[in-house]
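Below: the structure, in structure tokens.
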Amino acid sequence: MKRSMSFFMCIVVAFTFMGGFFFDSFAVTAEAASYKTPYYYKQLSEKEQGCYDKMKEAVIGCKKSVKLKTAVDEDTLQKLVDLMYYYDVSCFNLSGASARTGSSYTEVYFEYAYSKENYDKMIASLNKRADKIIASFDEDTKIYTKIKTIHDYIINHTEYDKDFSMSGLAYGALAKGRAKCDGYSQAFNYICSRAGIRVINVIGYAGESHMWNKVYYNKNWYNIDVTFDDPVSNYKENLTYDYFMVDDKTFGRDHTPDPCRFEIPAATDPTKSYYAVYKLTASDTETAKTVLINNIAKAAKKGKSGTTIRFDSDGTFNSTVNALRADNGKLMSDILKKAYKKSGVDFYTGGYLSSANPNTLTFEVFIFYPDTSLDDYFENTSAVDSEMRDFLGELGVAA
């Protein structure tokens with residue numbers, strides 16, 4: 001469940017952070033980042049921005065309170081606290097807020113998850129890790145490549161763990177290697193912001209309460225769900241791009257953003273998804289055959305086990321997946337043999353694994369190689385069931 005927030009007005013306006021989706025405090029970004037304020041800051045009025053700046057300065061400094069030299073109404077206070085708590089990743093330390101309003105002032109009181117000393121140590125630790133990633137970029141590195149590198153790094157260095165005490169933090173993902181969806185999202189936000197890439201968090205529903213990102217690239221916004229691209233799986237090759245740089249229409253098949261007090265930017269361009277950019281899309285069965293042959297061959301040359309393609313419609317997805325699996329996989333067997341010949345690499349053509357995802361319209365194929373064993377493909381061989389062991393054993397994969 002998403003952590004929700006509400007408040008009530010009496011003598012003191014109290015902002016209460018309730019249990020749920022975000023069990024911990026916010027993730028972190030550096031004050032030295034190119035974007036020091038969240039995207040939604042520009043949707044505030046000039047007066048609201050002035051109040052927000054004062055409140056944020058106090059929170060960054062872990063001050064107990066700040067006095068605003070203007071009376072701020074309940075709804076505006078709620079909006080400012082929402083922005084700080086849910087969308088400004090520099091304010092990860094904030095755990096509670098209340099306010100007292102007079103005729104010409106509002107005094108806001110803050111509570112914190114960590115001491116100023118620990119907050120500063122966390123900032124320093126995250127800066128060091130983010131800067132190591134950013135240091136791999138040079139002046140010729142394309143923005144798209146930077147976004148993909150950050151996406152891949154988080155997935156390759158983070159294990160999904162919703163029970164870890166810091167799983168909702170960028171710190172959990174980047175410093176401890178353990179996170180849940182908000183930790184993944186905050187980590188992506190943190191590094192992108194520090195690298196000068198505009199990014200926002202999006203809170204919504206994807207089977208359960210969830211958080212993902214939108215990133216700004218080439219004058220357009222795109223959805224990215226780093227968590228969903230790191231599926232819980234025993235396979236060693238466990239990085240996908242089903243939710244990378246996706247438009248709202250495609251993304252909305254299984255993601256629904258929650259209403260919020262700000263205008264979420266639309267993502268309308270379908271041409272920058274991983275599958276579109278790398279020409280891994282198919283509009284019919286014949287195209288799918290060609291794409292699969294070429295990319296299974298490429299995977300084999302690199303010693304990889306998996307490749308994935310995406311279809312342009314439900315109809316194409318359904319008809320092609322059915323064709324690939326019909327007649328005991330006759331068509332797929334032909335594809336494997338042609339890929340084998342094209343690659344010049346020895347892999348088993350007598351068997352394979354496949355996975356079809358109707359939400360993302362993707363079809364993934366896993367191939368296997370001679371002189372390999374289960375631990376070449378699986379993180380935990382003891383978790384491989386007997387049916388899988390028998391199947392791979394028949395192919396020639398050693399236990």
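For the chain, the longest principal axis of the Cα atoms and the long axis of helix 314-325 meet at an angle of about 40 degrees.
Using a 1.4 Å probe over the heavy atoms of the protein chains, calculate the carbon and sulfur portion of the accessible area of the stretch 165-310 as a whole percent. Looking at the stretch 165-310 in its full context, I get 48 percent from C and S.
Please go through the residue pairs K54/K249; K279/K338; K132/K272; K148/K337; K128/K249 and name each one whose alpha carbons sit more than 30 Å apart in this structure. Show your work: numbers first, answer last.
Numbers: K54/K249 39 Å; K279/K338 19 Å; K132/K272 26 Å; K148/K337 32 Å; K128/K249 37 Å.
Too far apart for the 30 Å limit: K54/K249; K148/K337; K128/K249.
A simple charge model with +1 on the Cβ of Lys and Arg, -1 on the Cβ of Asp and Glu and nothing else charged puts the dipole of the stretch 242-399 at about 720 debye relative to its Cα centre.
Annotation: amide H-H contacts under 5 Å for R198 (H modelled 1.01 Å from N, sequence separation of 5 or more, or interchain): Y216. Remark: the Cα gyration tensor places the stretch 199-274 in the oblate category, a/c being 1.5 or greater and a/b not exceeding b/c.
Angle of helix 46-60 to the longest C-alpha principal axis of the chain, folded into 0 to 90 degrees and rounded to 10: 80°. In this structure the stretch 194-245 gives 35 Å² per residue of accessible area when probed at 1.4 Å with all protein chains present.
Here the Karplus relation 6.51 cos²θ - 1.76 cosθ + 1.60, evaluated at θ = phi - 60°, turns the backbone of the stretch 370-385 into coupling constants of x, 6, 10, 9, 4, 6, 7, 10, 10, 5, 10, 5, 5, 8, 6, 6 Hz, with x for every Gly and Pro. Counting only DSSP H runs of at least 4 residues, each contributing -39500 (n - 2.57), and dividing by the residue count of the chain, the helix-based mean residue ellipticity at 222 nm comes to -10500 deg cm²/dmol. The structure shown yields Cα extents along the principal axes in Å, and of the options [x] 60, 53, 34; [y] 79, 42, 39; [z] 57, 51, 43 that calculated value carries the label [y].
Using a 1.4 angstrom probe, figure out how much accessible area the stretch 296-348 has per residue, in square angstrom, rounded to the nearest whole.
Values: 2840 Å² over 53 residues.
Computed with neighbouring chains in place, this is 54 Å² per residue.
Looking at the stretch 253-301, the chymotrypsin sites (Phe, Trp or Tyr not before Pro) that sit in a DSSP loop and have at most 14 other Cβ atoms within 10 Å of their own Cβ are Y278. From the square roots a ≥ b ≥ c of the eigenvalues of the alpha-carbon gyration tensor of the stretch 119-262, which class results: rounded (a/c under 1.5), prolate (a/b over b/c), or oblate? It comes out rounded by the Cα gyration axes.
Think of the chain as a dipole: +1 on every Lys or Arg Cβ, -1 on every Asp or Glu Cβ, centred on the Cα centre; then among N322, S185, S65, S65 lies furthest on the positive end.
The values are calculated or read from the model by the stated rules, or taken from the named source; none is laboratory data. In this text, all values refer to a predicted model and were calculated from it rather than measured experimentally. Every residue, glycine as well, gets a Cβ built from its backbone with ideal geometry; the counts of neighbours run over all protein chains shown. Remember, those area values only see protein heavy atoms, side chains included, never the ligands or the DNA or RNA. Shrake-Rupley method; radii C 1.70, N 1.55, O 1.52, S 1.80 Å.
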